[in-house]
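Asker: My questions all concern the structure below.
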Amino acid sequence: MTRAYVLLDRESWRPFFTLVFFTGVALVLSVPGARAVGDLARASFLVRTPTFFYALTLFMGLLGLGIGATSAERGERGERMVRCLLLRVLLGEFLVLPYLVFSRALFPGREGAFALVILYTTLVSLLCAIVSRLVEQPLRWRSSTGFLVKYVFFLGYNAVPLAGVPLLSPLGATRVLLEGATPVAAAAAFALPCALLGVFVPFALHVGGRERV
């Protein structure tokens, strides 16, 4: 009989709470002080919104690191492991959906950019989850080593490309997508996480092997 898998329980809720709390704080900080709603229309979109969307990008990535570690602790394997990671990432996006709806109402006319950012952060979060799952493989890494490796990857992935090719950084790509990226720029932004997932997902399936029953 296959062991049951739970997407969220009392031991794995913390990364989700962190996501909801800090993106909520960022959304509050994104709303300008204005005496009239009309002031919002006169303010620049990019001046008002990046704080929330940058926080969404960062904390969806951190959510991925957390749920990847949870998956390793539970010994999840194979295709079900990938499905569970994806479902947990989608659960994180669902939990911040009220913030996204609020942003859409506050800044109308940006639905296309919002949709691209949501899809992009989903891919980045899943990528971080797969990487975290790999470095937390039992008997391969000490917990402290795995923690260091995955956070070095996360910081390097977000920060290093900003100095040269911002589109390769999740933060830089988010900025470009919010500004109204051309089809070529949008495709370039999605290229790296898609390519890395194309490498790491099969590798995770190969390393993890079949799920034990």
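Asker: Considering the range 84-131 alone, what residues qualify as being part of a loop (DSSP other than H, G, I, E, B), touching a residue at least 12 places away in the same chain (Cβ under 8 Å) and farther than 27 Å from Phe153 by Cβ?
Answerer: Phe107, Arg110
Asker: Does Gly180 fit the bill of being in contact with a Lys or Arg (Cβ under 9 Å, 6 or more places away or on another chain), in a helix (DSSP H, G or I) and modelled with pLDDT under 85?
Answerer: no
Asker: If you don't mind, there's one more thing I want to ask. Across the range 70-88, what is the total count of residues that are surrounded by 17 or more Cβ atoms within 10 Å (Cβ to Cβ) and either over 18 Å from Glu136 (Cα atoms) or over 20 Å from the mean Cα position of the chain (by Cα) (or both)?
Answerer: Residues in the range 70-88 being surrounded by 17 or more Cβ atoms within 10 Å (Cβ to Cβ) and either over 18 Å from Glu136 (Cα atoms) or over 20 Å from the mean Cα position of the chain (by Cα) (or both): 2 in total.
Asker: What are the residues in the range 161-175 that are among the β-branched types (Val, Ile, Thr) and more than 15 Å from Glu111 (Cα to Cα), if any?
Answerer: Selection gives Val165 alone.
Asker: Scan the range 67-87 residue by residue and report those that are farther than 18 Å from Gly198 by Cα and touching a Cys at 6+ places or on another chain (Cβ under 8 Å).
Answerer: Ser71, Glu76
Asker: Residues to consider are Val152, Val160; find the one that is at pLDDT 90 or above, assigned to a helix (DSSP H, G or I) and in contact with a Ser or Thr (Cβ under 9 Å, 6 or more places away or on another chain).
Answerer: Val160
Asker: Could you look through the range 89-116, keep only residues that are aliphatic (A, V, I, L, M) and either over 15 Å from the mean Cα position of the chain (by Cα) or surrounded by 18 or more Cβ atoms within 10 Å (Cβ to Cβ) (or both), and pick out the one that is nearest to His206 (Cα to Cα)?
Answerer: Val89
Asker: In addition: Could you tell me how many of the residues in the range 13-53 are at pLDDT 65 or above and either among the basic types (Lys, Arg) or part of a helix (DSSP H, G or I) (or both)?
Answerer: Adding up the residues that qualify gives 21.
The values are calculated or read from the model by the stated rules, or taken from the named source; none is laboratory data. Values in this document were obtained by computation on a predicted structure and should not be read as measured data. As a convention, Cβ positions derive from the backbone with ideal geometry for all residues, glycine included, and neighbour counts pool all protein chains shown.
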